[in-house]
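Colleague: I'd like to ask you about the structure that follows.
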Amino acid sequence: MSILTFAKWIGEMAPDWVVALPESLQRLCFQFFQVFIYENRWQFFTDGLTMTFTVTIGALILGVIIGMIVAIVRSTHDSSRGKPNIILRFFNSICKIYVTVLRGTPLMVQLLIMGFVVMVPKGEVETVMCAIITLGINSGAYVAEIARSGIMSINAGQMEAGRSLGLNYRQTMTYIIIPQAFKNILPALGNELIALLKETSLVTVIALQDVTKAAQVIVSKTYTATIPYVSLAIIYLVLVIILTKLLGILERRLRASDKR
Amino acid sequence: MINVKGLKKAFGDHEVLCGIDEHIKKGEKVVIIGASGSGKSTFLRCLNLLEQPTDGEIFFEGTNICDSKNDINKLRQKMGMVFQQFNLFPNMTVKENIKLAPVKLKLMTEEEAEKKALQLLERVGLPEKADAYPVQLSGGQQQRIAIARALAMNPDVMLFDEPTSALDPEMVGEVLEIMRELADEGMTMVVVTHEMGFAREVATRVLFMDEGVIAEQGTPEELFANPKSDRLKAFLGKVL
């Protein structure tokens, strides 16, 4: 693969309208061409984006599942009157340790440990799994605290009303408490989702080809950093803006019952 | 129907109920009065085990509800409860509130529950509110819906925990009216209330609670006309 020079591009490949521009703009167009069009390099970005989405969605699902379980264990423990039974106390302390450790260490370090000590993935599929598991477990700790605040924000009378109708604890949680809690925590949960999307950029340390890695590869191919990295920032920004809009729509739909 | 033996309840060191023996028969309308802190709400909440008694036994239709071998969820299906704060489910429409328990507990199909809900809404005089959300209703309307929700389970007894205490004065009447109709239809009721007028008209028996025990009881005529203990005299002096 030969390196494309500016002179060669202007002389042989550039369209006429570029040649007519002043030189500074010509150079900008050249960089843009080099980064996205030459040798179909835009594919690095689209492939990277696919990976970023895969990891984000996988980690989100895992994180929400772990977070909900931890939150339910913790709030069941905290709301039980008198001394809770030994099994519940055991699981509660496990959950507490989990949240403490995962919130107390940097995600980067967790990725390094999972990638090079615990899982040591070989091949792309294993590496993707490793990234999803690490990010999911990490995100679960934050989701747990968010979900717990949601469950605890529901008036104790709701639980009593459900139980007084003959529903058991699990049914009352499922049909009455959690739907209300979910509505309350949606903004915080959206925050966590946005953070998760951006944190997937750290998976480059376990050599996963996400969109950040794509930009780095292109920098090393073209010896120019401005366009790849600024484009990368714009890509993340656009994704977050889209997510924010989608969350806003969901929130409005769930708020139907608040209308007076 | 409900048989209470030696019921005690303590929160930490604070003893709220100090030994209550009481028998509530089918069809009775028992009204419990007393100063706040006398334990009347706690007593009522013990009847369907929303509070776990510290000691004593409670039999509901012959089954000891304090025995963990008996399924309290099954027993609660037959004991409707109405709360001071209504506790409607705010994320559901009125109709969904009423249908939830019968459908989820598989006692009725969706269609049966729908029919029952509309019938009950008719009965509490709010058929046009079927698709409204609780927040769109006044306190009195919410409490009437709460009564309908409890009735949807076809309970054998209805427990009312200060059902009108959180209401604006002009809404108390509409709720009491529903309760009065319910009493006339023969429902067994246990009502904790400060509405002495309701106690006088509807109760078949009035219990006066003081410091965790039933200090005095009798028909409303006896109790209101000839209070025996000084405590009751003092209490009635304040509320009447």
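Computed from the coordinates by the stated procedures, all read-outs in this text should not be read as laboratory data. Predicted, not measured: the structure shown is a model, and the values here were computed from it. All Cβ positions, glycine included, derive from the backbone under ideal geometry; neighbour counts span all protein chains shown.
Colleague: Could you run the Debye sum over the Cα atoms of region B:149-192, one equal point scatterer each and no solvent, and tell me log10 of I(q)/I(0) at q = 0.20, 0.32 Å⁻¹, two decimals?
Modeller: -0.67, -1.26
Colleague: For region B:55-66, in order, what is each residue's ³J(HN,Hα) by Karplus, 6.51 cos²θ - 1.76 cosθ + 1.60 with θ = phi - 60°, in whole Hz (x at glycine and Pro)?
Modeller: 7, x, 10, 10, 9, 10, 6, x, 9, 6, 6, 7
Colleague: So if the hydrodynamic radius of region A:77-189 is defined as the Kirkwood radius over C-alpha pairs, what does Stokes-Einstein give as its diffusion coefficient at 20 °C and 1.002 mPa s, in µm² per second?
Modeller: Working: Rh = 16.5 Å.
Reported coefficient: 130 µm²/s.
Colleague: Looking at B:G173, B:S68, B:G218, which one has the Cα that reaches farthest to the positive end of the dipole of chain B (charges on Cβ: Lys, Arg +1; Asp, Glu -1)?
Modeller: Result: B:S68, furthest along the dipole toward the positive end.
Colleague: Where nothing but the Cβ of Lys and Arg (+1) and of Asp and Glu (-1) is charged, how large is the charge dipole of region A:187-260 around its Cα centre, in debye to the nearest 20?
Modeller: 360
Colleague: Let me ask something else about it. How large is the charge dipole for region B:104-168, taken about the Cα centre, if only the Cβ atoms of Lys, Arg (+1) and Asp, Glu (-1) carry charge, to the nearest 20 debye? Mind showing how you got there, number by number?
Modeller: Values: 8 positive and 11 negative charges, 19 e Å.
In total the dipole reaches around 100 debye.
Colleague: Give the residue list of trypsin sites (Lys or Arg not before Pro) in region A:23-89 that are DSSP loop and have at most 15 other beta-carbon atoms within 10 angstrom.
Modeller: Hits after loop and neighbour filter: A:R81.
Colleague: Let me ask something additional. Taking the Cβ-Cβ separation of A:Y169 and A:Y229 as r and a Förster radius of 51 Å, what is the calculated FRET efficiency to the nearest 0.05? The partial results should precede the final answer.
Modeller: On the way: r = 52 Å, r/R0 = 1.02.
The computed FRET efficiency comes out at 0.50.
Colleague: Shifting gears a bit: In percent, how large is the relative contact order of chain A, given Cα pairs closer than 8 Å and 6 or more residues apart? Can you show the working numbers first?
Modeller: On the way: 237 pairs, mean separation 69.1, N = 260.
Once normalised by length, the contact order is 27 percent.
Colleague: Across 10 Å bins from 0, what is the distribution of all Cα-Cα pair distances for region A:58-142, in whole percents?
Modeller: 18, 41, 27, 12, 3, 0
Colleague: What share of all Cα pairs of region B:1-143, in percent, falls into each consecutive 5 Å distance bin?
Modeller: Using 5 Å bins, I get a P(r) of 2, 8, 15, 17, 16, 15, 13, 10, 4, 0 for region B:1-143.
Colleague: Can I get the semi-axes of chain B's equivalent ellipsoid? Compute them from the C-alpha gyration tensor as square roots of 5 times the eigenvalues, in angstrom, largest first.
Modeller: Square roots of five times the eigenvalues give 30, 22, 15 Å.
Colleague: Between region A:83-159 and region B:137-215, what is the C-alpha centre distance in whole Å?
Modeller: The distance from the Cα centre of region A:83-159 to that of region B:137-215 comes to 47 Å.
Colleague: Where the only charges are on Cβ atoms (+1 Lys, Arg; -1 Asp, Glu), what is the dipole of region A:1-160 about its Cα centre, to the nearest 20 debye?
Modeller: Approximately 920 debye in magnitude.
Colleague: Please report the projected area of region A:126-260's Cα convex hull averaged over all directions, in nm².
Modeller: Details: hull surface 44.1 nm².
So the mean shadow area of the Cα hull is 11.0 nm².
Colleague: If you don't mind, there's one more thing I want to ask. How much length is gained on full extension from A:N40 to A:N191, taking 0.36 nm per residue of separation minus their Cα-Cα distance?
Modeller: Difference between extended and current length: 50.9 nm.
Colleague: In nm, what is the difference between 0.36 nm times the number of residues separating B:D230 and B:K115 and their Cα-Cα distance?
Modeller: On the way: separation 115, 0.36 × 115 = 41.40 nm, distance 5.14 nm.
Value of the extension gain: 36.3 nm.
Colleague: Shifting gears a bit: Work the Kirkwood hydrodynamic radius out for chain A: mean of 1/r over every pair of different alpha-carbon atoms, inverted, in Å.
Modeller: 21.6
Colleague: While we're here: By counting other Cβ atoms within 10 Å of each Cβ, how are A:K8, A:K183 ranked from fewest to most? Don't skip to the end; give the middle numbers.
Modeller: Details: A:K8 13, A:K183 20.
In increasing order of surrounding Cβ atoms, one gets A:K8, A:K183.
Colleague: Oh, and also: Mind listing the Cα extents of region B:107-202 along all three principal axes, in Å, largest one first?
Modeller: Dimensions of region B:107-202 along the principal axes of its Cα atoms: 40, 30, 17 Å.
Colleague: Using the alpha carbon gyration tensor of region B:1-75, what are the three equivalent-ellipsoid semi-axes (square root of 5 times each eigenvalue), largest first, in whole Å? Please list the in-between numbers first.
Modeller: Values: eigenvalues 75, 53, 20 Å².
Square roots of five times the eigenvalues give 19, 16, 10 Å.
Colleague: Still on this structure, please answer the following. How are the alpha carbon pair distances in region A:1-153 distributed across 10 Å bins from zero to the largest one, expressed in percent?
Modeller: 10, 25, 19, 15, 14, 9, 5, 2, 0
Colleague: Over chain B, what is the mean sequence separation of C-alpha contacts under 8 Å (at least six apart), divided by residue count, expressed as relative contact order in percent?
Modeller: Numbers: 429 pairs, mean separation 64.6, N = 240.
RCO, chain B: 27 percent.
Colleague: Something else now. So if R0 is 41 Å, what FRET efficiency would B:V213 and A:Y98 give, r being the distance between their Cβ atoms, rounded to the nearest 0.05?
Modeller: 0.30
Colleague: Report, ordered by chain and residue number, the lysines lying within cross-link reach of B:K95, taken as a straight Cα distance under 29 Å and ignoring same-chain residues fewer than 8 apart.
Modeller: Filter leaves A:K183, A:K259, B:K29, B:K74, B:K78, B:K104, B:K106, B:K115, B:K116, B:K129.
Colleague: Please report, in whole Å, how far the alpha carbons of region B:121-172 spread along each principal axis, starting with the longest.
Modeller: Sorted from largest, the Cα extents of region B:121-172 read 29, 26, 16 Å.
Colleague: Compute the semi-axes of the equivalent ellipsoid of region B:71-110, taking the square root of 5 times each eigenvalue of the Cα gyration tensor, and list them largest first in whole Å.
Modeller: Semi-axis lengths for region B:71-110 are 18, 16, 7 Å.
Colleague: Could I ask something else about it? Once the Cβ-Cβ distance between B:D13 and A:I69 is put in as r, and R0 is 41 Å, what FRET efficiency do you end up with, to the nearest 0.05?
Modeller: With a Förster radius of 41 Å, E is 0.70.
Colleague: Still on this model: Identify all aspartates and glutamates with a Cα-Cα distance to B:K233 below 16 Å; exclude those on the same chain that are fewer than 8 residues away in sequence.
Modeller: Once the sequence-local aspartates and glutamates are set aside, what remains near B:K233 is B:D210, B:E211, B:E216, B:E221, B:E222.
Colleague: Can you pull the Kirkwood radius for the protein assembly as shown, inverse mean 1/r over Cα pairs, to one decimal in Å?
Modeller: With all distinct Cα pairs of the protein assembly as shown included, I get 27.5 Å.
Colleague: Evaluate the distance, in nm, between pseudo-label points positioned 7 Å from the Cα of A:K122 and of A:I86 along their respective Cα→Cβ axes.
Modeller: 4.4
Colleague: Turning to a different aspect of this structure: How large, in Å, is region A:11-80 by the Kirkwood hydrodynamic radius built from its alpha-carbon pairs?
Modeller: 16.5
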